[in-house]
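The values are calculated or read from the model by the stated rules, or taken from the named source; none is laboratory data. This one's a predicted model, so the numbers in the text were calculated from it and none came from an experiment. Every residue, glycine among them, receives a Cβ derived from its backbone with ideal geometry; neighbour counts consider all protein chains shown. In case anyone asks, the SASA skips ligands and DNA or RNA and just uses the protein heavy atoms, side chains included. Shrake-Rupley method; radii C 1.70, N 1.55, O 1.52, S 1.80 Å.
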Amino acid sequence: MSLLNTLEIIPFTKALKDPIKTLNLEWLKKHFIVEPKDEIVLSDPQGQIIDKGGMIFYAKYNNDIVGTVSLMKIDNTTYELSKMAVTDSVQGLGVGKELILHCLAVAEEKGIEKLILYSNRKLLPAIHLYKKFGFIEVPLEAGVYVRADIKMEKIIY
């Protein structure tokens, strides 16, 4: 049985408020630093993402939460694909791909016109994945994340 046969993408619930923080802190500490903005959002995902019109999804595999991604509302037509993290034990198995596919389907279903994301060029597998799904590089504004050296967007509609 392959990963994809047993992988389930589920929405955020108040009972599942901790995995977004634990998964992202694991990833951030491995690759970068935890910025103050990260600490604020990850410590209060309900208030900082959900209550502001955003969404959080989890990848569940063998009853464990192994990945997460958020769609953070920027305005009525634009959302930021953010806080994506996949635990090391399942890296390379397609969990990130499935999380992005889910976000694209939700964006289309909800009439979201554009998704943006911030990343770092040293994360070659991630950049490759984003490009594969039609994200293109756009000018990066200053001051969003210290670690971000690339901004990408995808027009949904």
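Descriptive notes on the structure:
- Of residues in the stretch 129-147 being farther than 18 Å from Ala107 by Cα and at pLDDT 95 or above, the one least open to solvent (accessible area, probe 1.4 Å): Val138
- Of the set (1) part of a loop (DSSP other than H, G, I, E, B); (2) surrounded by 13 or more Cβ atoms within 10 Å (Cβ to Cβ); (3) at negative phi, all apply to Lys122 but (2).
- Condition check for Gly67: modelled with pLDDT of 95 or more, buried (at least 17 other Cβ atoms within 10 Å of the Cβ) and not hydrophobic (A, V, I, L, M, F, W, C): yes
- Among (1) open to solvent by 70 Å² or more (accessible area, probe 1.4 Å); (2) hydroxyl-bearing (Ser, Thr, Tyr); (3) part of a strand (DSSP E or B) - the single one Thr22 does not satisfy: (3)
- Scope the stretch 87-102; condition open to solvent by 20 Å² or more (accessible area, probe 1.4 Å) and assigned to a helix (DSSP H, G or I); matching residues: Asp88, Ser89, Lys97, Glu98, Leu101, His102
- Number of the exception - Val106 against (1) in a helix (DSSP H, G or I); (2) out of contact with any helix residue (DSSP H, G or I) (no Cβ under 7 Å at 6 or more places or on another chain); (3) among the hydrophobic types (A, V, I, L, M, F, W, C); (4) open to solvent by 20 Å² or more (accessible area, probe 1.4 Å): (4)
- Odd one out for Lys52, checked against (1) part of a loop (DSSP other than H, G, I, E, B); (2) under 20 Å from Arg147 (Cβ atoms): (2)
- The one condition from (1) free of Cβ contacts under 8 Å to residues at least 60 places away in the same chain; (2) closer than 19 Å to Glu108 by Cβ that Lys29 does not meet is (2).
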